[in-house]
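The values are calculated or read from the model by the stated rules, or taken from the named source; none is laboratory data. Because the structure is a prediction, the values reported are computed rather than measured. We place every Cβ from the backbone using ideal geometry, glycine too, and count neighbours over all the protein chains shown. These area figures cover heavy atoms from the full protein model, side chains too; ligands, DNA and RNA do not enter into them. Shrake-Rupley method; radii C 1.70, N 1.55, O 1.52, S 1.80 Å.
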Amino acid sequence: MQNWQRNKIEKSVKYQTRVFSENINELIVTEREGKKIRLDDGREMIEFVSCSYLGIETHKKLKVAVYEAMERFGVQLSVARTRIKPDIFRDIESKLSAIMKGACTLTFNAVTPCHIAVLPLLASGALPKYTFSNKPYFILEKTAHATLQINRGLLQQFGDVARIDFQDHKKIEEAFKFAYDNGLTPISISDSVGSMGGVAPVKFLTKLISQYNGYAYIDDAHGTSIFGENGSGYVMECLDNKLDDRIIIAGSLSKAFGSHGGFIACNFEETIKFIKTYGTTYAFGGPPSLPGMAACLAAADLHLDGTVARRQVQLQDVIAYFDEKFADTDVINRGTRMPIRGILIGNEDTAITMCKKMHQHGFATTVAMFPTVAEGNAILRCAISALHEKEHIDRFHNCFKLAYNEVM
């Protein structure tokens, strides 16, 4: 049997060794103000790395909420939430349900534990309101995030996994039809907004799961907050703010939401109660950070009071300006509303050198390379925020051109 993990490591080790040994990764931050960070070696940079696309995590209301929660409960109440939990958890799930237009929600300490709790239950056919008696057939988005891809071995304990390019509607439908024609239950698993580019065809998937008696599990981590009414996310926006009964959403509270953790959303309280009882990372895992959940509660208020709607508009203005400045450059996602831009470099060593040069010019970006992206397609990944100023973009563009000329 092929050792896929060893193969990935062997093909990428020289690149990964370089980014860590040359201090391109793992920058140590001692201070931050807006998008400006100060490192432990005294350097100052404007960062295009954080996935907090709306800049909510620095809002004063979140800081006050954290302090007040620690006064009430201390730093943590270290017990499984099935036994005892502070009221913060009940209150954040109630407000998340309001943001998600009445969908039932459940919080976790990150998005990955959402996957680990829900996917085996969904695959088993025993999850209430998502039941089936035949074998499942998993239709996994080929470029889905690594935290979904790593579950392939787990899913294969229940049924076959087909990896499909979700930008190809014909191939997706062929996979659904294959499952249906062979007496299998098709289960689609994908991102909504790809961390390296692309979006899921949510409406098309909704049509297919109805037509072929299947289900969809969609990771909306990069779509949470920046899309949808009240920041309900990309999936909800595509569905006109009415969640389909056959879809389960995983959302992030740690990215644009501005605080800590992840959550599950679906239409059924019965499903949520079952996950609480049998979802391994919920029933037996430690609870999310109490101060983090307090910050989530304050952030939820910002989603519901119109603050997030205004930040969404700011973000789109910054994205449009970035695209305008880089109009003559090969940029992934240009022209979309997604806050992730990938400046295509190609060669991995060249991309690493470019990233290092940008650091020297005072800008932190991520060099994304194999195995995150296909070999030979390395990019400088830029996460754009509502807090970025036009002057930041101007300087970033000028420094990129200088660095590119130096390297090339």
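Numbers for the structure displayed
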{"item": "Tally, over the stretch 322-362, of residues that are in a strand (DSSP E or B) and under 23 Å from the mean Cα position of the chain (by Cα)", "result": "7"}
{"item": "In the stretch 1-56, residue surrounded by the fewest Cβ atoms within 10 Å (Cβ to Cβ) [restricted to those that are part of a strand (DSSP E or B) and touching a residue at least 40 places away in the same chain (Cβ under 8 Å)]", "result": "44"}
{"item": "Residue pairs meeting the criteria (Cβ under 9 Å; at least 6 apart or on separate chains; first farther than 14 Å from residue 389 by Cβ, in the stretch 310-321; second open to solvent by 80 Å² or more (accessible area, probe 1.4 Å) and of a type in the set (Lys, Arg))", "result": "316/337"}
{"item": "Some residue of the stretch 329-339 being within 28 Å of residue 42 (Cα to Cα) and out of contact with any helix residue (DSSP H, G or I) (no Cβ under 7 Å at 6 or more places or on another chain)", "result": "no"}
{"item": "Answer from 306, 335 - the residue that is at pLDDT 95 or above and at positive phi", "result": "306"}
{"item": "Criterion (among the charged types (D, E, K, R) and touching a Ser or Thr at 6+ places or on another chain (Cβ under 7 Å)) met by exactly one of 43, 38", "result": "38"}
{"item": "Number of the condition not met by residue 276 [criteria: (1) within 30 Å of residue 388 (Cβ to Cβ); (2) of a type outside the set (A, V, I, L, M, F, W, C); (3) open to solvent by 50 Å² or more (accessible area, probe 1.4 Å); (4) touching a helix residue (DSSP H, G or I) at 6+ places or on another chain (Cβ under 7 Å)]", "result": "(1)"}
{"item": "Residue that is farthest from residue 58 (Cα to Cα), among those in the stretch 335-362 that are charged (D, E, K, R) and in contact with a Phe, Trp or Tyr (Cβ under 7 Å, 6 or more places away or on another chain)", "result": "348"}
{"item": "Hey, residue 315 surrounded by 15 or more Cβ atoms within 10 Å (Cβ to Cβ) and under 20 Å from residue 114 (Cα atoms) or not", "result": "no"}
